[in-house]
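Below you'll find the structure, written out as structure tokens, and then a few comments.
The values are calculated or read from the model by the stated rules, or taken from the named source; none is laboratory data. Computed from a prediction, not measured in an experiment: that's the story for all the values here. Backbone-built Cβ (ideal geometry, glycine too); neighbour counts: all protein chains shown. Accessible surface is based on the protein model in full, side chains and every heavy atom, while ligands, DNA and RNA are left aside. Shrake-Rupley method; radii C 1.70, N 1.55, O 1.52, S 1.80 Å.
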Amino acid sequence: MTPTEFVDGLAAVMEVERTELATVDRALAKQGLRQIARGRARPDITLREGLQIVCAWAGAKKLTDAAEEVKRLEHYHSDAVSKEKSENTKRDKDSFGSDFVREHEDLNGKNFFVVLSEIVRWLGEEERKAERLWVSIQKGGKPEIHYDCKFPKKKSLGFVWCGKLDLFNNKKVPPKPVEITASIRGTVLKWIFDVTEGA
């Protein structure tokens, strides 16, 4: 699926303005985060590129800063290993990863987009219920992946910042007066899988 077709279809699935997603797509293409057309060859959108578009749309404070948002999200790595896990590396049945992979340690320490790509592949290949999965991204904050399992449980996979820290800045940052979090439903993620790798 070409980028133009992808943006049109994604806008329809998400029920948002096409121009918003087109702005994000252009910003990513300008920074080399999406393949661009060469002559008559128009490369299809990959799963990773599709996920970057939707996550940048959700997390960017300004849509034209979508490339910076993708780079920021790449600095988040999964924290999948339960602190209650025993030293003999037994699988924790209540962990997030236990619903998606044989060994949930496979998720630990991986970049946000790598983890999300793997989960979306499992969602598409194993016919998991897409409506029970969603990603939340706080504008300027951290991402999380949630899975609504059996009532009343909800499992979440958190991510920790692994980027550079400013050790010389001793100022305390006051909490933001308003925090905005966008949620991307699993049905959108499943659609992205279907038109990229499931086609």
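Quick check: anything in the range 63-72 in contact with a Ser or Thr (Cβ under 9 Å, 6 or more places away or on another chain), crowded, with 16+ Cβ neighbours inside 10 Å and not in a loop (DSSP other than H, G, I, E, B)?
Taking the range 63-72 as the starting set, the residues that turn out to be in contact with a Ser or Thr (Cβ under 9 Å, 6 or more places away or on another chain) are 63-64, 66.
Then drop every residue that is not crowded, with 16+ Cβ neighbours inside 10 Å, which leaves 63, 66.
Retained after the next criterion (residues that are not in a loop (DSSP other than H, G, I, E, B)): 63, 66.
Within the range 63-72, one or more residues are in contact with a Ser or Thr (Cβ under 9 Å, 6 or more places away or on another chain), crowded, with 16+ Cβ neighbours inside 10 Å and not in a loop (DSSP other than H, G, I, E, B).
Looking only at residues of the range 73-102 that are modelled with pLDDT of 55 or more and of a type in the set (Gly, Ala, Ser), we find that the one that is surrounded by the fewest Cβ atoms within 10 Å (Cβ to Cβ) is SER98. Residues in the range 33-49 that are open to solvent by less than 60 Å² (accessible area, probe 1.4 Å), closer than 25 Å to VAL115 by Cα and assigned to a loop (DSSP other than H, G, I, E, B): how many? Residues in the range 33-49 being open to solvent by less than 60 Å² (accessible area, probe 1.4 Å), closer than 25 Å to VAL115 by Cα and assigned to a loop (DSSP other than H, G, I, E, B): 5 in total. Against the conditions (1) within 20 Å of VAL135 (Cα to Cα); (2) open to solvent by 20 Å² or more (accessible area, probe 1.4 Å); (3) modelled with pLDDT under 95, TRP57 satisfies every one except (3).
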